[in-house]
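The values are calculated or read from the model by the stated rules, or taken from the named source; none is laboratory data. A quick note: this is a predicted structure, and the numbers were derived from the prediction, not measured. In this analysis, Cβ positions are derived from the backbone assuming ideal geometry, glycine residues included, and neighbour counts consider all displayed protein chains. Surface accessibility is based on the protein's heavy atoms, side chains included, excluding ligands, DNA and RNA. Shrake-Rupley method; radii C 1.70, N 1.55, O 1.52, S 1.80 Å.
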Amino acid sequence: MDRPFFLRIDLMLSLLLSLFLAVRTQKLEKMRAEFKKLRDDSMELNLLLNKKNQYLMEKQETEVHLATLKERNRIAREIHDNVGHMLSRSILQLGALKALNHDSSLSAPLSELHKTLNTAMDSIRTSVHGLQESSVSLRDSVAEIIHGYPEYTVDLEYDISEPPPQNLQFCFAAIIKEAFTNASKHSDAARIRLVLREHPSFYQLLFEDDGSTAPKSYSSGMGLLNMKERIESFHGTLNITFERGFKIFITVPRNTASYQPGGKS
């Protein structure tokens, strides 16, 4: 008579146990999901932190490098303005002294001194020229220009292993600066792609944005004329187009003879 009662008790206990296990399993699944999310968030934060640390290290290295280049430029300028000018004045004074000298016994020492001063002057010129060349960095100049336009997302592709000649670096930096300036004034672009690349026979510069309106200043005006004159002086080519954004495409031959503005390659 009591067996159905005990069966009902067993069934109720089984149901309660099943309900308890189900709730417990649900809690475990929830905890597992939360743990997985925390783990993923932690990994993502670690990746972001590593990228941030790498960026800060690269920025610090860049700032140190820029400071080094500026210091070299300052030293070169001081040598040129101070030591160079004093040597030039000494050479002129010695030349005048040789012209006024009537003592034959002093002619040879004066000539030797004049030769020594000229040799020192040549060494100064060589040293200043070397310091000035080493103080120019196209990549750092480009990075500094980009830093001055934080409103743009810039995709930079720099693929030049050996620095171009100094005057060509100045030319490229000036054109890039001009392109950014005109884009900020006349274009509604938000993203800019900048490519600097070397090939076996020529250098390539590409500047393009995603603007929807063609800048009027590039169809005429001093900006375009300055760019053309700069590139033509290096026997290079310049093409400016507008199709789904504004684009400047430049190629300059790597023949060193053509790096003298107005010279013949």
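So the values come out like this:
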item: In the stretch 135-161, the residues that are open to solvent by 80 Å² or more (accessible area, probe 1.4 Å) and closer than 24 Å to THR237 by Cβ; result: ARG139, ASP159, SER161
item: Per-region count, the stretch 248-265, residues modelled with pLDDT under 90, out of contact with any helix residue (DSSP H, G or I) (no Cβ under 9 Å at 6 or more places or on another chain) and surrounded by 15 or more Cβ atoms within 10 Å (Cβ to Cβ); result: 2
item: Pick from the stretch 187-235, criterion of a type in the set (A, V, I, L, M) and either over 24 Å from the mean Cα position of the chain (by Cα) or at pLDDT below 85 (or both), ranking: least open to solvent (accessible area, probe 1.4 Å); result: MET227
item: Residue check, ILE160 modelled with pLDDT of 85 or more, among the hydrophobic types (A, V, I, L, M, F, W, C) and over 22 Å from ARG139 (Cα atoms); result: no
item: PRO164 vs. criteria open to solvent by less than 80 Å² (accessible area, probe 1.4 Å) and in a loop (DSSP other than H, G, I, E, B); result: yes
item: Residues (outside any strand (DSSP E or B) and farther than 15 Å from PHE246 by Cα) located in the stretch 178-204; result: HIS199, PRO200, SER201
